[in-house]
Amino acid sequence: MNARTRRSSLCAPATLLAAALWCAAPDVSLAQTRPLLIEGKKTLYERVLTRPGARLSASPGAAGGKAVPVFSMFYVYERSPASAGGSWLKVGASADGSGLAFVKADDTVPWRHSIVAAFANPTDRDRLLFFRTREGLASAINAEPAVLDKLRQSVADKASLPTDSALIAAEPATWVDPQKQFYLLPVLEAPTTVNRQGFKIRTVRVASVVRHDGAARSPVTPGTEEGITNFKSAVVFVIDATSSMQPYIERTRKAMEEVLRQAEQAKIAERIRFGLIAFQDDPAKTRGVEYLTKVFADPNDRLGRDEFLKAIAGVQATPNSTRAFAEDAYAALDQAARSLDWKRFGGRYLVFVTDASAREGNSPLASTRLATDQVRVELQEQGIATYVMHLKTSEGRKDHAVAEQQYRRLSNWPGRGSLYFPVEAGDPAKFEADVKRLAHALVEQVKAPQALLKAPPAGTPPPTRAATADGEALEASTRAVGRAMVLAYLGREQATQANAMYEAWAADRDLRRPDTASLSIRVLLTKNQLSDLQTTLRRLVETGERQQIEGGNFFNQLRSVAVAMGRDPSRIAQGPARNLEEAGLMGEYLDGLPYRSDLMALDQNRWAELGVGGTQAVIDRLKSKIVLYQRFHDDVDRWVKLNDAAGDGDRVYPVPIDALP
């Protein structure tokens, strides 16, 4: 085989084995011009993203030019000296030196990796503040509460800040829906500091790149057709209907009858809809079982009280036990996420009721192949909050610790913590009271959603996450999550847009509550890149499990996948089957990455310390993530088309970094 034929075969997608996988750079004889290298790097080229209004010209300063779609990516070949017309970049769409043109430097954002930020869920945190300098931000991080209150008030009181203000802008008052008003906050650098309480906080320099498809609508007025009083909620119960659950099924029906009567009396039955999904086990493999999961009531069906109660009357516990104490519960949560239409509802809630742990993705009895963390990501990416009512019956005492650990993670809501509420001893009366309390709180939210938006008085201490009584904790969590739901609803209704600034400094933790994230860290991927990642990981995991790759080399290839995703996802579908460690490039890729996923943070020593069980657990998590990637890929509403001329595979989605390898 000659060298040219060998290179071609190695670059074919069918031979992908590792993550660092890329074709060798073109020889000088094939391309006389190379992109500039990132400062301090030996192999990584400089790239930029275009801002709205960017145009490509034949020469620096040339009039006119061709309009470029926002977020177009280019390699940088030259920088012209700054002049009266500003600095210009010579750029190309590829690294082979072809099709070069010029663009204004101010119309671009550096793109040294693929890590971006988005506004975190607004539960129990203040609006994010953007500062002119890192020094201004550092001062605010360690400021007294009264100083922070004054800063926030200056943003609230003024449509525009004075030019000498340390602040540039604040996060919009309502949530920005990236599917409707797409934006990016590329992370340019993220040095760490420690505040006076000892919390580590990253001071993040971000750019703001906003695609404006039109002007944002004016804030709506409460009481109008599109106002906040039109806020609707869907509350879907997901109930274990296995043999031990009949008393709790009856209690749920009894509680729901009272709650539905309250909604009718308050004349809001049209604005709060209830649903119910039950789960048992695979009927083909378990005698006496009727279904794996079944939707008994869909909140979109507009059922009245009598109709709803009639629909759920058919929920009966199985006469026989299922195949194991742990149940295939995630099949029902997955069905709730994927088969119900949540888009018409501002409030999106699941109430999960069970007395057993759930089968993780590595269980041969788990139909979804999803693990707890992937189920949580799938639900939260749709804005669905999951409350867990875990019935700690005496029959399941050996299972309680496993189930509690799972469900605390499953129900973890950004900015609030776990929405896990155990029912000790499986007390049916307490369970019924908790169901009524939760449902009543959600009815009150729909009745008066504007009450959730009242800002606390200046100087109010941070809200606590726990309360002395279970009922108080449940109601406090419901208020906090409900406020986030209302802010998200208003953001969608008002088409709230992100700040159209250029660059600024912000803290990735809330200044009042540094244990709460203010930014959601993500990696911008195209649909094709996610598909490449899924294919590469699947083949690598399959090869590793057949023990066709030595353990250390297997880890290096896995880690290379993760690092390449953070640095440049397009490299995954390219090049010879070797890894970054072997090529001596792991440090090249890792150094300067502001955030890292789990695999990025591991090294050979820590991998070796995991042992057989630990490494298998990593592989099991990867398998579950591969399943999640397919969910992401198939969800047509998730992907945003930035360029009308681009193909479907070039649609983009900022994937949470925790969902990546």
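Here the accessible area of region 277-367 is 46 percent carbon and sulfur, with a 1.4 angstrom probe and all protein chains present.
Each part reduced to its alpha carbon centroid, region 239-296 and region 340-366 end up 13 Å apart. Computed from Cα atoms, the angle from the helix 470-493 axis to the main principal axis of the chain rounds to 50 degrees.
Taking the Cβ-Cβ separation of Glu257 and Asp603 as r and a Förster radius of 56 Å, what is the calculated FRET efficiency to the nearest 0.05?
0.45
Straight-line reach from Lys527: taking Cα to Cα under 16 Å and skipping same-chain neighbours fewer than 8 places apart, the lysines in range are Lys625, Lys641. Extension gain for Arg546 to Asp637 (0.36 nm times residue separation, less C-alpha to C-alpha distance): 29.1 nm. Within the accessible surface of region 90-134, defined with a 1.4 Å probe on protein heavy atoms only, the carbon and sulfur portion equals 45 percent. Taking label positions 7 Å along the Cα-Cβ direction at both Ser57 and Leu309, the computed distance is 7.4 nm, reported to one decimal. For the chain, the solvent-accessible area of protein heavy atoms averages 43 Å² per residue (probe radius 1.4 Å; ligands and nucleic acids excluded).
Computed extension gain for Asp341 through Ser94, at 0.36 nm per residue and net of the alpha carbon distance, reaches 84.9 nm. Under a model in which nothing but the beta-carbon of Lys, Arg (+1) and Asp, Glu (-1) is charged, the chain shows a dipole of about 940 debye around its Cα centre.
Please list 482-489, 54-61 highest first by mean number of surrounding beta-carbon atoms within 10 Å per residue. Don't jump to the answer; show the numbers that get you there.
Values: 482-489: 23.5, 54-61: 16.2.
Ranking the peptides 482-489, 54-61 by packing returns 482-489, 54-61.
Check cross-link reach from Lys66 to the lysines: straight Cα distance under 18 Å, and skip same-chain residues fewer than eight apart. In chain and number order, the partners are Lys90, Lys104. You can think of it this way: the chain between Ala82 and Asp591 has 180.3 nm of extra reach, that is 0.36 nm per residue less the Cα-Cα gap.
Taking the helices alone, the chain has a mean residue ellipticity at 222 nm of -10500 deg cm²/dmol, built from -39,500 (n - 2.57) per DSSP H run of at least 4 residues and averaged over all its residues. How much accessible surface does Trp175 have with a 1.4 Å probe, in Å² rounded to 10? Ignoring ligands and nucleic acids, Trp175 comes out at about 60 Å².
The values are calculated or read from the model by the stated rules, or taken from the named source; none is laboratory data. These numbers were taken from a predicted model, which means no experiment stands behind them. FYI the Cβ positions are ideal-geometry reconstructions off the backbone, even for glycines, and counts take in every protein chain you see. For accessibility, only protein heavy atoms count, side chains too; no ligands or nucleic acids. Shrake-Rupley method; radii C 1.70, N 1.55, O 1.52, S 1.80 Å.
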